[in-house]
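Single-structure report; data block below.
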Amino acid sequence: MRNLLFVLLLAAAPAFAIDKAALAKLAEGDNDEKIQAIAALLAEGDPEAAAVLAKFAEGEVVVDGKPVEVVVNNRVRVAVADALAALGLLAPERATRLAAAKALAGGADALMLPLVKKALDKESDPEIKSLLELVASSMQMKGGDKATRIAAIERLGTSNSPNSRTLLAEAVADADEDIRIAAQKSLREVQGKLAWGERAGLLFAGVSLGSILLLAALGLAITYGLMGVINMAHGELIMIGAYTTYVIQDFFKMTFPKAFDWYLLAAIPASFVVAGLVGMMLERVVIRWLYGRPLETLLATWGISLMLIQSVRTIFGAANVQVENPAFMSGGIQAFAGVVLPWSRIWIIAFAALVLFLMYFLLTKTRLGLFVRGVTQNREMAACVGVHTGRVDMWAFGLGSGIAGLAGCALSQIGNVGPDLGQGYIVDSFMVVVFGGVGQLAGTVYAALTLGFANKFLESVSGAVIAKIVVLVFIIFFIQRRPQGLFAVKGRTVEA
Amino acid sequence: MKRRNFVKQLALSAAVAAIGLGSTAILAQGKTVKVGVLHSLSGTMAISETVLKDIALMAFDEINAKGGVMGMKIEPVVVDPASNWPLFAEKARQLITQDKVAVTFGCWTSVSRKSVLPVFEELNSLLFYPVQYEGEEISRNVFYTGAAPNQQAIPAVEYLMSKDGGSAKRWVLLGTDYVYPRTTNKILRAFLKSKGVAEADIMEEYTPFGHSDYQTIIAKIKKFSSEGKKTAVVSTINGDSNVPFYKELGNQGLKATDVPVVAFSVGEEELRGVDTKPLVGHLAAWNYFMSIKAPANDEFTKKWGAYAKAKNIAGHKDKPLTNDPMEATYIGIYMWKQAVEKAKSFDTAKVSAAMGGQTFTAPSGITSTMDAKNHHLHKAVFIGEVKADGQFNVVWKTKGPVKAQPWSPFIAGNDKKKDEPALMAEKKK
């Protein structure tokens, strides 16, 4: 049936008005009838058909000037997509043809072969042409004589799409031995290429998780690593950053709906400042009285974390709030065959790198950084040479808290924002800092990336539940063998 | 306080002694009757459960406005078990023994239901459970107004196997790691095998509660689906993990036309705030969708919208959404009212006996009937595809209500189990 109409399309029937019977079927018929009607519209070759079909895919058909709501399910949607791609193949614009070829490369019905061949003959663009050749090969695989099939199988071996693997996997079980051998060879080639894509995808997932862990732990690397404050409220500072992002987003939605996509630019400094201010206040009011008493600090900050959670729950409600992604954070980029890298994760990796760089710069190249390092290494001596150690403590704690706020801003883009958000990251953050070696920025970076990779690798092998357990067990053993972490601070500060 | 309690107790025991009547609730509470609402208002399940508390309060308001239950006003007692399973049992005990509620409406996850079950059985109180679940349970103290596996999971998988559903041949069973997904997947695995699906064509994956990084899992699904034959994913992910899951699914461009994902715990409410444009065509199976066109549904959604606005319920006041467990809660509350009025008593045993055969015109437009024996509702099954606006398009439905099979025939040994609760009263004798 479909065969017939693609042939009809090839015959390039003169433009008719849109067939009313077909429209009625689109509106009223069952799925089989709808697919027939799509085919009928395609056969007419009317340029208007594309518009009608596109509208139909969204669930509307105009019959006798009246819009009728229709139900389009996945099966019908595939048929529409194929039909639209088929129409697009002969379009004059290169972009349309390329999109159509890509759509067909995702797995098209073999009945469209004559159409694809016709498009191939006319095609001059090398990129579209090679795509179409693959499409043609995947169609020829199933039917035709042996020589064509083997040629098609060999050409598929050069492709790197997951779709080719599916096709070749079927051909491996073919009755004919020559075809089987050719298919096995091609399948190995495709699988080799896909395996690289998978490895790259895994690597990216590891870096992405690592960057998130790094963001969550960087603030703690200052407050715990450098200052020695066991800050159990660190997770809640992350949460405050995420809620600040939410408030800014809502503000933008209400006041500048047109500039909504840019709310993140405002949310980044805002979350830094808000979390930083909360941190500085905590330091001045509670923590500074507890320096040198880790147990009390732990209990006090834990209490603060509960208070922060409860206040957020009272203000914003217990349920999660929605932070919408701006357009540039949605979707992904096709990097390798079958591997799509989401933009949100790419941006977060870049953001983590930027924050890391700025922090490194601040700690090593500025006066404040010098003071912070001085105070952490030898408080008395720093005070003797005129450093206002109390003020430095406050700024350093504020900086660590502000970075936690930045982490919250980033996390709001990929996860849920709720009062308990911080609870999920506090364990991970401490794990990263302790694993990397307390007091070491570089250690934190290595530890975050190592844990990111280890987690993702184990997840791909054993599943998420086991991976989590294995990583925790590993950390326990590691800390037992090497309590100072990956990188130990050398010198007399170790005791402090 | 203590003295008053003592006086109350004294009066009560005198009354009981004098009349020899067991229905303590009426006498103890005079003109109002207390009912418990036991839903997580915080934690990972709050995304799904908070709204069930609100719809319950709306139903109570409605009933009170029309004169209450047997002339008594309903006085709701709302507690927050905070997605913490042992806390569910604690709060249930508090509701029954301290607040002396006549009935409790609550729970979402099966693990929370399993946690409160011994409490309700020990104290002989009633629980109405409004969510689809894995079956394998009939308690005389629980009425299940959500779907059993044969009213949701099995029809959904059958649909995906059919020509219209895309003739799926390979299956990924993906879930949160607890009793509901594990049992449902056990049933589905047996079902798929009975349909001739090979072991190698089924992949099972679990994530912890609150999991938020679905990169590797989606990569795994992609790989699995490219290894031959049409693949479908059955998702029993629960709670707020669904948001990162669907975000990742959309971002990685896994389209419903290639690999459809059918979910059993994702409805209109869970998809709020997720950009659903890349998710068009992914499926959910329920016994109710907000988009169902029925007069009863128009009325239900209108009432909810007005109530959300009046009570200033976050999110719903601007964009009111209804979903299946909300409908099931609503049905449960009205059926309880009808049963109490039929029994003319709040006594657990009498209300229980009166529940069998109760009918109610559900918002889905179907007349739901409580089974005479097995404590489950007869419900119609709908399968919907996600639309760009976050609503669902119903693409398939059963002809009429389906009787629940809490003991799935796909689990060995279930054929011998009785389709009604074991009577504890008899055991006691």
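Nearest 20 debye, what's the magnitude of the dipole of the protein assembly as shown about its Cα centre given +1 on Lys and Arg Cβ and -1 on Asp and Glu Cβ?
Approximately 2160 debye in magnitude.
Using the structure shown, select from A:Lys20/A:Lys66; B:Lys342/B:Lys418; B:Lys317/B:Lys399 the pairs with a Cα to Cα distance greater than 24 angstrom.
Over 24 Å apart, Cα to Cα: B:Lys342/B:Lys418; B:Lys317/B:Lys399.
Across peptide B:136-144, how many C-beta atoms of other chains are within 10 Å of each residue C-beta, on average?
0
With N set to the number of residues, divide the alpha-carbon radius of gyration of region B:160-295 by 2.2 N^0.38 Å and report two decimals.
1.02
What is the spin-label model distance, in nm, from B:Lys163 to A:Glu177 if the labels are put 7 Å beyond Cα along the C-beta direction?
Taking the simple label geometry, B:Lys163 and A:Glu177 are separated by 3.9 nm.
Per residue of chain A, what 222 nm ellipticity follows from adding -39500 (n - 2.57) for every DSSP H run with n ≥ 4, rounded to the nearest 500?
-23500 deg cm²/dmol
Within 10 Å of each residue's Cβ, count the other Cβ atoms and sort A:Phe251, A:Phe435, A:Phe336 from fewest upward.
Fewest-to-most Cβ neighbours within 10 Å comes out as A:Phe251, A:Phe336, A:Phe435.
Can you classify region A:312-393 as rounded, prolate or oblate using the Cα gyration tensor, where a ≥ b ≥ c are the square roots of its eigenvalues, rounded means a/c under 1.5, and otherwise it's prolate if a/b beats b/c and oblate if not?
oblate
Arrange the following residues from fewest to most other Cβ atoms within 10 Å of their Cβ: A:Phe260, B:Phe382.
Ranking A:Phe260, B:Phe382 by Cβ neighbours within 10 Å, fewest first, gives A:Phe260, B:Phe382.
Evaluate peptide A:412-418: per residue, the Cβ atoms of other protein chains within 10 Å of its Cβ; return the mean as an integer. Can you show the working numbers first?
Details: counts 0, 1, 9, 9, 12, 3, 7.
Neighbouring Cβ atoms belonging to other protein chains average 6 per residue here.
Provide Rg over Rh for chain B; use the alpha carbon set for both Rg and the Kirkwood Rh (inverse mean inverse pair distance). Intermediate results must be reported in sequence, preceding the final value.
Details: Rg = 21.9 Å, Rh = 22.3 Å.
So for chain B, dividing Rg by the Kirkwood Rh gives 0.98.
What share of Cα pairs, in percent, lie more than 15 angstrom apart in region A:216-323?
Roughly 66 percent, once rounded to a whole number.
Could you work out the local net charge near A:Val375, counting Lys and Arg as +1, Asp and Glu as -1, over the other residues with Cβ closer than 11 Å to its Cβ?
With Lys, Arg at +1 and Asp, Glu at -1, the net is +1.
By how many degrees, between 0 and 90 and to the nearest 10, does the Cα long axis of helix A:441-462 differ from the longest principal axis of chain A?
Here the helix axis deviates by roughly 40 degrees.
Taking the Cα of B:Lys319, stepping 7 Å toward and past its beta carbon, and measuring to each backbone N in region B:243-262: which are under 15 Å?
B:243, B:247
What residues of region A:394-435 lie in the reach of a label at A:Phe251, counting those whose backbone N is under 16 Å from a point 7 Å from the Cα along Cα→Cβ?
A:406, A:409
Assuming 0.36 nm per residue, please report the length gained on full extension of the stretch A:Asp121 to A:Ala54 beyond their Cα-Cα distance.
21.4 nm
For A:Arg313, what charge total do you get from the other residues with a beta carbon under 14 Å from its beta carbon, if Lys and Arg give +1 and Asp and Glu give -1?
-3
Using 0.36 nm per residue of separation minus the Cα-Cα distance, give me the extension gain between A:Leu265 and A:Asp64 in nm, one decimal.
Contour length minus the Cα-Cα distance gives 67.5 nm.
Between A:Trp289 and B:Ala190, take the C-beta separation as r, use R0 = 51 Å, and let me know the FRET efficiency to the nearest 0.05. Walk me through the numbers before you get to the answer.
On the way: r = 63 Å, r/R0 = 1.23.
Efficiency, rounded to the nearest 0.05: 0.25.
Percent of alpha carbon pairs in chain A separated by more than 33 Å?
It works out to 56 percent of all Cα pairs.
Work from the charge dipole of chain B (Cβ charges, +1 for Lys and Arg, -1 for Asp and Glu, about the Cα centre) and give the residue of B:Val142, B:Leu126, B:Ala349 farthest towards its positive end.
B:Ala349
What is the sum of charges, Lys and Arg at +1 and Asp and Glu at -1, for the other residues whose Cβ falls under 12 Å from the Cβ of B:Leu173?
Around B:Leu173, the surrounding residues sum to +1.
If all Cα-Cα distances of region A:205-481 are sorted into 5 Å bins from 0 onward, what percent lands in each bin, rounded to whole numbers?
1, 6, 12, 17, 18, 17, 14, 9, 5, 2, 1, 0, 0
Counting helices only, and only those DSSP H runs with n ≥ 4, report the 222 nm mean residue ellipticity of chain B as the sum of -39,500 (n - 2.57) divided by its residues, in deg cm²/dmol to the nearest 500.
-12000 deg cm²/dmol
Strictly greater than 58 Å: what percent of every Cα pair in the protein assembly as shown meets that?
17
How do A:Thr364, A:Thr245, A:Thr158 line up, fewest other C-beta atoms within 10 Å first?
Ascending Cβ contact count within 10 Å gives the list A:Thr364, A:Thr158, A:Thr245.
Only four residue types carry charge here, +1 at the Cβ of Lys and Arg and -1 at the Cβ of Asp and Glu. Report the dipole size of chain B about the Cα centre in Debye, rounded to the nearest 20. Before the final figure, lay out the partial values.
Details: 55 positive and 43 negative charges, 204 e Å.
Computed about the Cα centre, the dipole is about 980 debye.
When the dipole is taken about the Cα centre of chain A, and only Lys, Arg (+1) and Asp, Glu (-1) are charged at their Cβ, what size is it in debye, to the nearest 20?
I would put it at about 1980 debye.
Please name whichever of A:Leu356, A:Ile315, A:Ala205 sits farthest to the positive end of the charge dipole of chain A, dipole taken about the Cα centre and charges placed at Cβ: Lys and Arg +1, Asp and Glu -1.
Farthest along the dipole direction, towards plus: A:Leu356.
Quote the FRET efficiency, to the nearest 0.05, computed for B:Ala306 versus A:Asp30 with a Förster distance R0 of 35 Å and r equal to the Cβ-Cβ distance. Mind showing how you got there, number by number?
Values: r = 38 Å, r/R0 = 1.08.
E between B:Ala306 and A:Asp30, to the nearest 0.05, is 0.40.
Can you find, among A:Met381, B:Ile47, A:His234, the residue farthest towards the positive end of the dipole of the protein assembly as shown? Put +1 on the C-beta of Lys and Arg, -1 on that of Asp and Glu.
The residue sitting farthest along the positive end of the dipole is A:Met381.
List the residues whose amide H sits under 5 Å from the amide H of B:Met203, counting only those 5 or more places along or on another chain, with H placed 1.01 Å from N in the peptide plane.
B:Trp171, B:Val172, B:Leu173
Given a Förster distance of 51 Å, report the FRET efficiency between B:Leu123 and A:His388 from their Cβ-Cβ distance, rounded to the nearest 0.05.
Numbers: r = 64 Å, r/R0 = 1.25.
Efficiency computed from Cβ-Cβ geometry: 0.20.
FYI, it's all coordinate maths here, none of it is from the lab. Fair warning: this is a prediction, and the values are worked out from it, not measured in the lab. Here Cβ is always computed from backbone atoms with ideal geometry, including for glycine, and neighbour counts include all displayed protein chains.
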